[in-house]
1. Out of the residues in the range 22-37 that are in a helix (DSSP H, G or I) and of a type in the set (S, T, N, Q), state the one that is nearest to LYS76 (Cα to Cα).
2. If you scan the range 190-207, which residues turn out to be buried (at least 20 other Cβ atoms within 10 Å of the Cβ), touching a Cys at 6+ places or on another chain (Cβ under 9 Å) and not β-branched (Val, Ile, Thr)?
3. Answer yes if at least one residue in the range 157-166 is more than 30 Å from ASP70 (Cβ to Cβ) and surrounded by 15 or more Cβ atoms within 10 Å (Cβ to Cβ), and no otherwise.
4. Would you check which residues across the range 257-289 are out of contact with any Gly (no Cβ under 9 Å at 6 or more places or on another chain), within 15 Å of GLU227 (Cα to Cα) and open to solvent by 30 Å² or more (accessible area, probe 1.4 Å) and list them?
5. Answer yes or no as to whether LYS52 is at pLDDT 95 or above and either among the acidic types (Asp, Glu) or touching a helix residue (DSSP H, G or I) at 6+ places or on another chain (Cβ under 8 Å) (or both).
6. State whether the residues of the range 12-25 include one that is of a type in the set (Asp, Glu) and out of contact with any helix residue (DSSP H, G or I) (no Cβ under 8 Å at 6 or more places or on another chain).
7. It is to be established whether one or more residues within the range 175-185 are surrounded by fewer than 16 Cβ atoms within 10 Å (Cβ to Cβ) and either modelled with pLDDT under 95 or within 20 Å of THR64 (Cα to Cα) (or both).
8. Determine if the range 16-25 includes at least one residue that is within 20 Å of LYS279 (Cα to Cα), open to solvent by less than 70 Å² (accessible area, probe 1.4 Å) and free of Cβ contacts under 8 Å to residues at least 24 places away in the same chain.
Amino acid sequence: EIYKKIFKKKKIKADFKISNQYLSENQLIKIINNYDGIICGDDKITNKVIKKAKKLKVIVKWGTGLDSIDISSAKKNGIKVLNTPAAFTEGVTEMAIGMMFGLSRKICSSDRDVRKAIWSKRKGFLISKKIVGVIGLGLIGQNLIKRLKGFDLEILGNDIRPELKKNKNLKKIKFVSKNLIFSKSDIIFLCVNLNEKSKYLLKASGFKKMKKKPIIINICRGPVINEKDLINALKKKIISGVALDVYEKEPISRKNALLKFENCIFNSHNAYNTIEEVKGVHLNTIKNLLGVLNEK
């Protein structure tokens, strides 16, 4: 609503497609040929979609992650793909830390008890003196480590990029393998990008290495964890709990077995959503779109 005036002033006709989470490949194929530019979320902009996009000049991702866009196909077809790098670093970091305390002190469970007039005394554990593993040391991983340093923790880090060992923001952490993080950590944060190497980064083999019943927090992408293996790990009490902002399929089905476990915190892919950062992404998204369309 805020930017309709800008579209009108620039003589840009804008359609607004409402979906529960994202538009599918089939939905996009039917309409994509109408547009010179698109602003998308996690809409499935595949090679098949791009082949149908005869007029398309620019795809602007509202936010950061580009894994739902076939960037290679877009490039071959002369379509620019733009996003807002580092858009939600602070919001996602703060949500991750909030989830950590939510699990360690069982805040959500206690809240539910009190609402039911149950005066429970659930026992949590201290964060200080614990070992924390952070897998994925990009902007969010680095920002998370910066915040965690204030809690008197031992921090283990892992990333596929060896050059990050020289990063000044990561000087005081130990770089180790994923398997060592799985076996030694009390708390594990997943902060990776989704790609072929990171899909099912955490699966049965990783859970088997967990000796300390850690809590796990995933604020990156759902398919980074194999959900069937996660459910099994919860059943067998291999882990103490999990906090998820993302899922293999979104929205999560009401029949998903994960929802039966009390020692979990579930969020609706909403870790990014703060007033301040959303406003900034709105502005940059419109800037990206107009920057290309006005090149005519």
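The values are calculated or read from the model by the stated rules, or taken from the named source; none is laboratory data. Keep in mind the model is a prediction, meaning the values are calculated, not measured. So basically every Cβ, Gly included, is an ideal-geometry build from the backbone, and we count neighbours across all protein chains shown. What goes into the accessible areas is simple: the full protein's heavy atoms, side chains included, and nothing from ligands, DNA or RNA. Shrake-Rupley method; radii C 1.70, N 1.55, O 1.52, S 1.80 Å.
1. The selected residue is ASN33.
2. Within the range 190-207, LEU190, CYS191 qualify.
3. Yes, because at least one residue in the range 157-166 is more than 30 Å from ASP70 (Cβ to Cβ) and surrounded by 15 or more Cβ atoms within 10 Å (Cβ to Cβ).
4. Correct list: ALA257, LEU259, LYS260, PHE266.
5. Yes; evaluated as a whole, the condition is true for this residue.
6. no
7. Within the range 175-185, not a single residue is surrounded by fewer than 16 Cβ atoms within 10 Å (Cβ to Cβ) and either modelled with pLDDT under 95 or within 20 Å of THR64 (Cα to Cα) (or both).
8. Within the range 16-25, none of the residues are within 20 Å of LYS279 (Cα to Cα), open to solvent by less than 70 Å² (accessible area, probe 1.4 Å) and free of Cβ contacts under 8 Å to residues at least 24 places away in the same chain.
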